[in-house]
Amino acid sequence: MINLNNVNIVFSDVVIKYKDFTFKKGEITFISGPNGSGKTTLLKAIANIIDHKGEIDRNGFVTFVSQKPILFSKTIYQNIIYPLEIRKLDISNYENRIEKYVKLFELDKILHKKAKSCSSGEQMKASILRGIIFEPDVLLLDEPTTALDIKSIEELTKLLNEIKKDMTIIISSHDRLFIEELNDVLYELGDPYV
Amino acid sequence: MIQESIVEAFNLLMSFDEEIYQIIFLSLTLALLATLTALVFGVFFGILISSTTFKGKRFVKKLIFTFMGIPPVVLGLFVLLLTIGPLDPVFNLFTVQVMFFAQFLLVLPIITGNIIISSEKTQKEVLETAETLGASRMDKVKLLIVETKPFILMSMILGFSRAISEVGAVMLVGGNIRYSTRTMTTYIARSNSMGDYSKSIAMGIILLILAFVIHSILARFRGDFYD
Ligand SMILES: Nc1ncnc2c1ncn2[C@@H]1O[C@H](COP(=O)(O)OP(=O)(O)OP(=O)(O)O)[C@@H](O)[C@H]1O
Ligand SMILES: [Mg+2]
């Protein structure tokens, strides 16, 4: 569960004010709105990687999958298991899950390829898997479908439905179909330049 | 003239004159050791400076960038003053040790500055991403080293080139003493001022060939460094 209280973010030329949104566990909440309306900024604030005014109550661990995939200079596989590795978890317990997800997203052929030489769709899928493999309490996805093909979007939809019951999921998106398929709650942002 | 010098270069090498080989050996080891030592400190400082925020960071960066272009002779003068001053107990003038120190100082800002310039933006993104995946401080440091790897080799090449080619610093603090502190560049400078042009061009050619060989060896590692 996440609560915003009077959150606003100040940039040099604009102040973005947010309504007091709440995001519930077990639900998928979509954030929509035109370019520059502050979707990415809100997710970054919730992930606590950007300075903000006001309060954000967070329960549990929050992870953020950015709009542009930022993979480390490692292979796709090493990227996916990174969160498990740093938590010193036993990878063998996760092997079945990893294998299933990797098949789902058709990453099996490039699993041991250097991530930075993969296509942007492939990188995005790896980045999403890296974000969900360790089952964070809060999952923030910033426009996850923009680089994905139709089949991958379908698989992502199924996957999110499967894992959502124990998570708070917040997704920013312009993708009407994707939103219709998944949304429990939809928040629309307006133009911050007023 | 050039033709003569090429013959002379060949003769110099083939004469197996011990002095020539000593000079070449000293130049190479000096430049290599100075670069490797500066690499250790430079990578450390570079990562530290670019991945943290602190008061006066902009100033520190400007200072480093300024020292990247300092004329070696000015740096040599500075080390000379240090050596006869506060560092008197540590170094003696006209020794190999103080030459090493001068070249180290010359190369350090080049490596530090290059690491900062080349990795600052990626580091911010990588650190943020690592943060949201739950990385500890130590995990982040490890990641930064991995992400900085491609830039390490590049800064090493630049640093080595600077060290092997400079005259001013080694001349001032080393004194160009025969059989002791004479390097390839000070040999060239000396032969030149004595009017022995073909000797200096010959040594210049040897210097270029050696630099070419070393960069070729380094280039072989590039594949490992770049993804
Ligand atoms: N670092 C920054 N400095 C200055 N202004 C910024 C910064 N980051 C974002 N902004 C401004 O804040 C506003 C919201 O940006 P944001 O990236 O959150 O939009 P968005 O809704 O994610 O847009 P898009 O649909 O294009 O991804 C924009 O007007 C942008 O110019
Ligand atoms: Mg955005």
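Shape class of the range B:163-220 from the alpha-carbon gyration tensor: oblate, with a/c at 1.5 or above and b/c at least as large as a/b. Taking other residues whose beta carbon is less than 13 angstrom from the beta carbon of A:Phe105, and scoring Lys, Arg as +1 and Asp, Glu as -1, yields +1. Segment B:Ala219..B:Tyr197, full-extension length gain: 4.7 nm, with 0.36 nm per residue of separation and the alpha-carbon distance subtracted. Can you give the longest stretch of chain A with no exposed loop site, where a site means trypsin sites (Lys or Arg not before Pro) in a DSSP loop (not H, G, I, E or B) with at most 14 other C-beta atoms within 10 Å? Formally, the longest exposed-site-free interval is A:89-194.
Around the amide H of A:Ile169, modelled in the peptide plane, lie the amide H atoms of A:Gly26, A:Glu27, A:Thr29, A:Leu139, all under 5 Å away and 5 or more residues distant in sequence or on another chain. Taking every DSSP bridge with both residues inside the protein assembly as shown, close to 40 percent are antiparallel.
Place a +1 charge on the Cβ of each Lys and Arg in the protein assembly as shown and a -1 charge on the Cβ of each Asp and Glu, then give the dipole magnitude about the Cα centre in debye, rounded to the nearest 20.
Here the protein assembly as shown has a charge dipole of around 620 debye.
A Förster distance of 30 Å, applied to the separation of the beta-carbon atoms of B:Thr29 and B:Met1, puts the FRET efficiency at 0.45.
The A:Lys17 and A:Lys109 beta-carbon pair, evaluated with R₀ = 51 Å, returns a calculated FRET efficiency of approximately 0.65. For chain B, a crude dipole built from +1 on the beta carbon of Lys and Arg and -1 on the beta carbon of Asp and Glu, taken about the Cα centre, is about 760 debye to the nearest 20. Tell me whether chain A comes out rounded, prolate or oblate; compute the Cα gyration tensor, take square roots of the eigenvalues as a ≥ b ≥ c, and use a/c under 1.5 as the rounded threshold. Prolate, since a/c reaches 1.5 and a/b exceeds b/c. Extending 7 Å from Cα along the Cβ direction at A:Asn96 and again at A:Glu154 yields two label points whose distance is 2.6 nm. Accessible-area loss of 40 Å² or more (1.4 Å probe, protein heavy atoms, chain alone versus all protein chains) is found in the range A:55-71 for A:Ile70. Measuring nothing but protein heavy atoms, the accessible surface of the protein assembly as shown at 1.4 Å probe radius is 60 percent carbon and sulfur.
Couplings 3J(HN,Hα) of the range B:38-52, computed from phi: 5, 5, 4, 6, x, 5, 4, 5, x, 5, 4, 5, 6, 9, 10 Hz, in residue order, whole Hz [Karplus 6.51 cos²θ - 1.76 cosθ + 1.60, θ = phi - 60°; x for Gly and Pro]. A full extension of the chain between B:Phe16 and B:Phe41 corresponds to an added length of 5.3 nm, given 0.36 nm per residue minus the alpha carbon distance. Here is the interface size for A with B: some 1600 Å² of accessible area buried, both sides summed, with a 1.4 Å probe.
Any chance you could give the angle, 0 to 90 degrees and rounded to 10, that helix A:150-163 forms with the longest Cα principal axis of chain A? Roughly 80 degrees, rounded to the nearest 10. For B:Met154, the solvent-accessible surface with a 1.4 Å probe is about 70 Å², rounded to the nearest 10.
The values are calculated or read from the model by the stated rules, or taken from the named source; none is laboratory data. In this text the structure is predicted, and so the values were computed from the model without any measurement. All Cβ positions, glycine included, derive from the backbone under ideal geometry; neighbour counts span all protein chains shown. Quick note on the areas: whole protein, heavy atoms, side chains included, nothing else; ligands and nucleic acids left out. Shrake-Rupley method; radii C 1.70, N 1.55, O 1.52, S 1.80 Å.
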